[in-house]
1. When the residues of segment 130-147 are filtered to those that are surrounded by 20 or more Cβ atoms within 10 Å (Cβ to Cβ) and in a loop (DSSP other than H, G, I, E, B), which remaining residue is nearest to the chain's Cα centre (by Cα)?
2. If residue 77 satisfies all but one of (1) within 21 Å of residue 37 (Cα to Cα); (2) touching a Ser or Thr at 6+ places or on another chain (Cβ under 9 Å), what's the number of the condition it fails?
3. So, restricting to strands (runs of 3 or more DSSP E) that lie completely within segment 148-248, which ones have at least 3 residues that are touching a residue at least 40 places away in the same chain (Cβ under 8 Å) and either outside the structural domain of residue 97 (by TED's automatic domain parsing) or touching a strand residue (DSSP E or B) at 6+ places or on another chain (Cβ under 8 Å) (or both)?
4. Based on this model, can you work out whether residue 411 counts as at pLDDT 85 or above and either part of a helix (DSSP H, G or I) or touching a Lys or Arg at 6+ places or on another chain (Cβ under 6 Å) (or both)?
5. Of the conditions (1) out of contact with any His (no Cβ under 9 Å at 6 or more places or on another chain); (2) among the β-branched types (Val, Ile, Thr); (3) under 30 Å from residue 600 (Cα atoms), residue 693 fails just one. Which one is it?
6. Does any residue in segment 363-381 that is closer than 27 Å to residue 331 by Cβ come within less than 6 Å, Cβ to Cβ, of a residue that is surrounded by fewer than 19 Cβ atoms within 10 Å (Cβ to Cβ) and modelled with pLDDT of 85 or more six or more places away or on a different chain, and which pairs are these?
7. Filter segment 279-304 for residues that are among the small types (Gly, Ala, Ser) and modelled with pLDDT under 80; which is surrounded by the most Cβ atoms within 10 Å (Cβ to Cβ)?
Amino acid sequence: MDPDGLAYVMYTSGSTGTPKGVAVRHRDVVDLALDGRFDGGAHERVLLHSPQAFDAFTYELWVPLLRGGRVVVAPPGDVDATVVARAIAEHGVTAIWLTAGLFRLLVQEAPHCLAGAHQVWTGGDVVPAASVRRALAACPGLTVVDGYGPTETTTFATSYPMPADRTVPEQIPIGRPLDNMRCYVLDAGLRPVPVGVPGELYLAGAGLARGYLGRPGLTAQRFVADPFTGPGERMYRTGDVARWRNDGTVEFLGRGDDQVKLRGFRIELGEIEGVLRDQPGIAECVVVARVEDGGRKRLVAYLVPDPGAPVPDPADLRAGLAHTLPEYMVPAAFVVLPELPLSANGKVDRRALPAPDPQPEPAARYVPPSGPVEVALAGVWADVLGVARVGAHDNFFELGGDSILSLQLVARARQAGLRLTTRELFAHQTVATLATVVTATGTEEEATEAAAGPVPLTPIQHWFFETHTANPRHFNQSMLTELDEDVDEAALRRALAAIVVHHDALRLRFELVDGEWHQHQAPSDDATQVLRCYDLSKVDDVDEAMRRIADEVHAGFELSRGPLLAGVLYRLGPGRNPYLLLVAHHLVVDAVSWRILLDDLDAAYRQAAGGGTVHLGQRTTGFGEWSRRLSAHVAEGGLDSEIAHWEAACDSGPLPMDEPADEPGAPARTVAVEVAAEETEALLRAAPAAYRTRINDVLLAALAWALSRWSGQERVAVALEGHGREDLLDGVDLSRTVGWFTTMFPVVLAVAAQDEPDWRTLVKSVRRQLRTVPGNGFGYGALRYLGPPEVRARLATGPGPQLVFNYLGQWDTQASDRPDGLYRAVHSALGQEHDPADRGSHPLEVVGAVDGGRLHFSWYYLPDRLHESTVARVAADFAGALRAIARDCSPTPAPPPLRRST
């Protein structure tokens, strides 16, 4: 084999949008694999999970194989904490590569999932120091390595190891070059710059790729002669800005080109400058993306007026730019200068541009709220949506709001002394218009007494007992939270008891009498202590102990006796934060309930820890009162007008199930897909604004397209889940009521199975179809389980949809950041929430949420009805459609056509 022969060609995208084929030789791969960084046994077993088109694949495959080690191939689908922990525990994985974003997510979610690994290599973006510290604290013996290198240098060019005994710096450097590589930090004249002075980073030595396949001109631009070594040697121009540190390591400072990412959009600054120069009275200009103290990035334009011309009015400039540029490309601030600062070589010195005034002109379209109600509303919006500020005319849904966040907004507004309903928010979607219908309530209200006695089953509870017969007492939801080391156990007990008293649904009990289920609310004095405490400070395998205890709690509920809420406090010993696991049976909570419970538990704990009386304010409409009023509303014919719609709702063909597998009755399995952070941002913020729609419409358009492509049908049936807290009855407020309110209803969506759809047209078509569903689907379950017998019989016939879809909204803004708050972090579930014998209600269930800034979707499927390859293909088509929609809303070059996933 010729060492200089071509090993592979890997395509990367560039600022022009044209892919570049990086030609890597056999000797480059060998140089990487035999580098001294990988000595010492840490790479005996490496997890292989990266796509073949990603250069980390080279590291994952060839480093272990060429050193006599083993490759552990991850199961299909995206890597999550469970996959990583299982690979380490069951296959002895010693080294893992994770992108910086995935590393941050895994460490935030479950830092102990890396325990047992020797090294975790991470990079591809700035590695957060806090995440490294968290991983090292949770995983003794682990070393985290920041690995830097473009594809043109065969995966890695530099590395910076961080073992547990090394202080992790706030700005993690990219380290020192690999054994046979060289790093240069040079000025524009290719002269080395002094230590601490920024310059462009060049890489040279072993591992440098041959060049770009079939593009000699581009190869000559990027692979230039190395003036510091012998003839024929080359170095690669990275385009990255870096500097040497005093300790001999290299620090990455950013990209050197004019392309930036802002709010999920890829923006060419030169395009903005070109439009700005066309405005009247502008002689010179430059636009930069500045990062402010809070980490917020915004565009700032620096202007030099024409001689003798008046100073430009920022409002006029914004109006002029808005005729040509989308809103996100209009600068947030304009700074007028007598001249632009220049560097020694005569170019604009962007580093010398002054920071804009601390009180800059408002951004395009921004009008500050006026009056106490608007100001209070804007503050609540900013808090719930996780944005820096909200203007009087900003649209709730264009800022990323959804139906579940609307409930949280209503609840937070109530805490701020403002009463409004979700119906009013949907009708008045800006702060200014909503302020006209809001009424002030005052922030302190007397609490009403807790309710007790029999309660009619709600539609979703009827559905549960009808479809989950294997072991109905084991069907839970849970939340794992990290607390301060000095948590007050007595105050935590008082706080948990207080929320059980405050929220009637947490005292529900269920009994099977003569073949029918009934429920009642226990009195408030039955607020049994629900907290259990475990000292795991002397346990060797803490993760396993926590899971075992969690499994026991999940399996231990008794529906007839209660309580159906349990708190488990894990103490891990000095220097380690304890964890609180909250487990509740799904019959008494839903996703919205968890947001309420976490808020209330935090508030109750702070009051109890301070020695005061725990007061959680006035109760909203109780679960029992809601159930009784709903039953009466249906009995009085309040939903009869919807009967014809629901009887016709499932007029479509079934999805193509696979041939029966060899394991009938096997429990459900999962395929997971994820959308990148910048694409998620575009879907949450840009798509609703661009299509004048809501995020649910966008998600369902992508899902319908993927299902149509799979089935070959132009009409696909889907069962949708909604939060169910509709403004159906006057005087009812469910914004802070705990309980299971979920609705489930069928919809049929017409969509053409095109390979390259017009996404804008498709999203708007799905939006129009969904708007024809009466009452957001609320009436289906109410009529199906509470309606007249003949109506219930008709709605029970037919196969119904074979897929159920549930979008849970955004969880990113939920963790408390109060210094005196209860939580340091909020994690995902722990333990076996459902009985393994429970196979769900549909062959396919898709559940999605935004967590850690990314859209995640879990596709649960029955393996005796569907093959994993089928589900993975359809899930990949769905995720691909979402990415295509994100690109469609972004100012980037036209994307390549979607191709069928295989």
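1. 139
2. (1)
3. On the way: elements: 158-162, 181-186, 199-205, 223-225, 234-244.
In segment 148-248, the matching strands (runs of 3 or more DSSP E) lie at 158-162, 181-186, 199-205, 234-244.
4. Taking the combined requirement at face value, the residue does not satisfy it.
5. Single failed check for residue 693: (3).
6. 367/393; 369/375
7. 283
Here's the yes/no breakdown for (1) in contact with a helix residue (DSSP H, G or I) (Cβ under 7 Å, 6 or more places away or on another chain); (2) at pLDDT below 80; (3) closer than 30 Å to residue 371 by Cβ:
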| position | (1), (2), (3) |
| --- | --- |
| 440 | no, yes, yes |
| 446 | no, yes, yes |
| 457 | no, no, no |
| 462 | yes, no, no |
| 467 | no, no, no |
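The values are calculated or read from the model by the stated rules, or taken from the named source; none is laboratory data. All figures in this text were calculated on a predicted structure; none of them were measured in a lab. Please note: Cβ atoms are built from the backbone with ideal geometry, for glycine as well, and neighbour counts cover all protein chains shown.
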